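First up is the structure itself, then whatever we jot down about it.
The values are calculated or read from the model by the stated rules, or taken from the named source; none is laboratory data. Not measured: the values here are computed from a predicted model. Ideal geometry is used to build each Cβ from the backbone, glycine not excepted, and the neighbour counts take in all protein chains shown. Note: accessible area is taken over every heavy atom of the protein model, side chains too, but ligands, DNA and RNA are not part of it. Shrake-Rupley method; radii C 1.70, N 1.55, O 1.52, S 1.80 Å.
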Amino acid sequence: NSKLFREYEDTLKIVASKIMYAKSEEEKNKSNKYFIETLSEVLSYEKAFSFPFDSLITISRIYSPDNTFRIFTWILEKDNGNFTYYGIVHYHNKKRKKYETIHLIDNSDNIRNPKEKELNANNWYGGLYYDIIYIKKNGRKFYTLLAWDGNDGYSTRKIIDAMYFSGKNKIKFGLPIFKEDKNITHKRVILEYDSKSTITMRYDEKEERITFNHLMPARKDLLGLEEFYIPDG
């Protein structure tokens, strides 16, 4: 019932704050482990899907437009200033007629050439999701995800990725649908830019397209060094 969920939420709120603001990485990791265990536990309840958990202000919580799943994502900042991302997909398993969870394991640091790789829950290019776009084509459902990635303190990234359900309790990321020109297609879009700059990436529902700032190097001699790219207006 709602009272039970609120009790869980109160606990999660305290622990989530420690993940974000604890003084040491060790303390953050301990809090994060407990947060994952507790969130997974409460999400196993039948009616948890409709509970918003909206007091978890440091945790991204977004439903898919077709209301078949939602994604929780959050950040753990390390002592060296880098970020690790964590995620849980909360979805309805039609065959088993119950809500279940899939945990996302961030492996961004070890994924070479990430624009071209098909990934999965155990090999995830982590980010903080803030929008989900629903696409249904030829009887199949796909979802385009928009994410923010704090990267390493020198540069920031915005990510456009594709996600779909595949097989038993599995999800995959990446589809060859992002065209750079007639001859080049990528499985995801990653925009990297100077961390002192900000860019906007959003879905224009009326025009049915994703819009974002154009980026260019701060100086001509920095061409190709994306950590020095800025929006050109």
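Contact map, segment 100-119: residues that are free of Cβ contacts under 8 Å to residues at least 60 places away in the same chain and of a type outside the set (Lys, Arg) paired with residues that are surrounded by fewer than 16 Cβ atoms within 10 Å (Cβ to Cβ) and part of a strand (DSSP E or B), Cβ distance under 6 Å, separation 6+ or inter-chain. No pairs are found. Comparison of 47, 23, 30 shows that the only residue that is open to solvent by 90 Å² or more (accessible area, probe 1.4 Å) and not in a helix (DSSP H, G or I) is 23. For segment 217-233, indicate whether the set of residues that are open to solvent by less than 30 Å² (accessible area, probe 1.4 Å), closer than 21 Å to residue 62 by Cα and not in a helix (DSSP H, G or I) is non-empty. No: segment 217-233 contains no residue that is open to solvent by less than 30 Å² (accessible area, probe 1.4 Å), closer than 21 Å to residue 62 by Cα and not in a helix (DSSP H, G or I). Taken together, the residues in segment 180-197 that are under 22 Å from residue 227 (Cβ atoms) and without any contact (Cβ under 8 Å) to a residue 12 or more places away in the chain amount to 2.
Would you confirm, using the coordinates I've provided, whether residue 88 is within 17 Å of residue 147 (Cα to Cα) and surrounded by fewer than 19 Cβ atoms within 10 Å (Cβ to Cβ)? Against the criterion (within 17 Å of residue 147 (Cα to Cα) and surrounded by fewer than 19 Cβ atoms within 10 Å (Cβ to Cβ)), residue 88 does not qualify.
The residue that is farthest from residue 81 (Cα to Cα), counting only those in segment 139-181 that are part of a loop (DSSP other than H, G, I, E, B) and either among the aliphatic types (A, V, I, L, M) or touching a Leu at 6+ places or on another chain (Cβ under 9 Å) (or both), is 177. With respect to the conditions (1) under 21 Å from residue 210 (Cβ atoms); (2) out of contact with any Asp or Glu (no Cβ under 8 Å at 6 or more places or on another chain); (3) part of a strand (DSSP E or B), residue 65 falls short on a single one, namely (3).
Has segment 110-132 got at least one residue that is among the basic types (Lys, Arg), assigned to a loop (DSSP other than H, G, I, E, B) and closer than 21 Å to residue 46 by Cα? There is no residue in segment 110-132 that is among the basic types (Lys, Arg), assigned to a loop (DSSP other than H, G, I, E, B) and closer than 21 Å to residue 46 by Cα.
Scanning segment 192-209 finds no residues that are among the hydrophobic types (A, V, I, L, M, F, W, C) and open to solvent by 20 Å² or more (accessible area, probe 1.4 Å). Of the numbered criteria (1) surrounded by fewer than 18 Cβ atoms within 10 Å (Cβ to Cβ); (2) in contact (Cβ under 8 Å) with a residue 60 or more places away in the chain, the one residue 78 fails is (2).
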